[in-house]
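Working notes, beginning with the structure itself.
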Amino acid sequence: MPKVVVTRRVPEEAIQRLQESCDLQYWDSEDAIPRQTLLEWVKGCDGIYLLLTEKVNDELLNAAGPQLKVVSTMSVGYDHIDVAACVRRNIAVGHTPDVLTKTTAELTVALLLATARRLSEGIDAVRNGEWSTWQPMWLTGQDLHESTVGIMGLGRIGAAVARMLSGFDCKLIYFDPYPNPKLAESLGVEYVSWEDLLSRSDFITTHTPLTNETRHLFNADAFRRMKKTAIFINTSRGGIVDQDALYNALVNGEILAAGLDVTTPEPLPADNPLVSLKNCVILPHIASASVATRRKMAVLAAENVLAGLAGAPLPSAVKL
Ligand code: DGY
């Protein structure tokens, strides 16, 4: 049987699927596998089933050896994988798009509303006994209705967010380096330039993969161009934000608030300056974290492994 390394405890359905035809070396733990252990385990393996916490680079691929056929990540994002290095070695790369789109979009809308309406401040106030009486302007936030929401990236998740927001009576605009006029028209989303996205939006939500082009896309210059009342939401990857610039923008009133599901690094240390800010709502990278979706992601990642081992097209292949 082909040897497959699984780098973390994942839903049982996925393990059962793999066990039917593979010899598994299973890191059955909630904690990340130590790098050194991973480098030893992958020696001679045919497939690797991993998470976004494991970097796939020449070091790992060389440690695995020439028989490695497939690398499958239980995530849609694959910025942790050197895809070109895999392609050079004829290794198929799988990921898990589509199955998490709506769940991620829902969390984006939840985070947007939580940030706009200051939910975590309200919850803290109740817990800490700071709720004295009803006050006309206490914990007042921003309306989503009648606002302009700017979407950076109208891919699968950006489009799902647009679809969900269509019920909120707001104006939707987007910027994408690869505009999709047909899709935008069907969603009622107006295409604008990057500069207009920054200057016109009351909310900016970003749905772009992390690449060399998008790293620190949201930097000091971008925050300076936004409205002082703007709210910035990020559920894609922490690396697209210059966090020092974000901190300064939040502290100096260049923007009103931020909601982040992703940060650099992850986990974000509790003493990171952003954590201390009331106008910054931070979640621990849970956008796709519903029971059903995580199960689907796990099974799809297993199916990618099995197809790769069989030399068949992957159900969800990453293409270079
Ligand atoms: C992904 O899949 O890339 C998310 O960040 C985790 O679901």
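Picking from residues in segment 91-135 that are without any contact (Cβ under 8 Å) to a residue 12 or more places away in the chain and not hydrophobic (A, V, I, L, M, F, W, C), the one that is most open to solvent (accessible area, probe 1.4 Å) is ARG127.
Would you call MET74 touching a Cys at 6+ places or on another chain (Cβ under 8 Å), of a type in the set (A, V, I, L, M) and open to solvent by 20 Å² or more (accessible area, probe 1.4 Å)? No. What number of residues within segment 290-320 satisfy the criterion of being within 16 Å of the ligand (Cβ to nearest atom) and either among the β-branched types (Val, Ile, Thr) or farther than 28 Å from CYS45 by Cβ (or both)? Residues meeting the conditions: 6.
For segment 207-221, which residues satisfy the criterion of being closer than 18 Å to ILE157 by Cα and either surrounded by fewer than 15 Cβ atoms within 10 Å (Cβ to Cβ) or outside the structural domain of ILE255 (by TED's automatic domain parsing) (or both)? Matches in segment 207-221: THR211 only.
Within segment 224-252, being away from the ligand (no atom under 16 Å from the Cβ) and closer than 12 Å to PHE203 by Cα holds for MET226, LYS227, LYS228, THR229, ALA230, ILE231, PHE232. Residues in segment 47-70 that are more than 15 Å from the ligand (Cβ to nearest atom) and in a strand (DSSP E or B): GLY47, ILE48, VAL70.
Would you confirm whether or not segment 310-319 contains a residue that is within 30 Å of GLN25 (Cβ to Cβ), free of Cβ contacts under 8 Å to residues at least 40 places away in the same chain and of a type in the set (D, E, K, R)?
Taking every residue of segment 310-319 in turn, at least one turns out to be within 30 Å of GLN25 (Cβ to Cβ), free of Cβ contacts under 8 Å to residues at least 40 places away in the same chain and of a type in the set (D, E, K, R).
The values are calculated or read from the model by the stated rules, or taken from the named source; none is laboratory data. Treat the numbers as computed from the prediction; the structure is a model and nothing was measured. Virtual Cβ from ideal backbone geometry, glycine too; neighbours counted across all protein chains shown. Please note that ligands, DNA and RNA were not included when accessible areas were found on the heavy atoms of the full protein model with its side chains. Shrake-Rupley method; radii C 1.70, N 1.55, O 1.52, S 1.80 Å.
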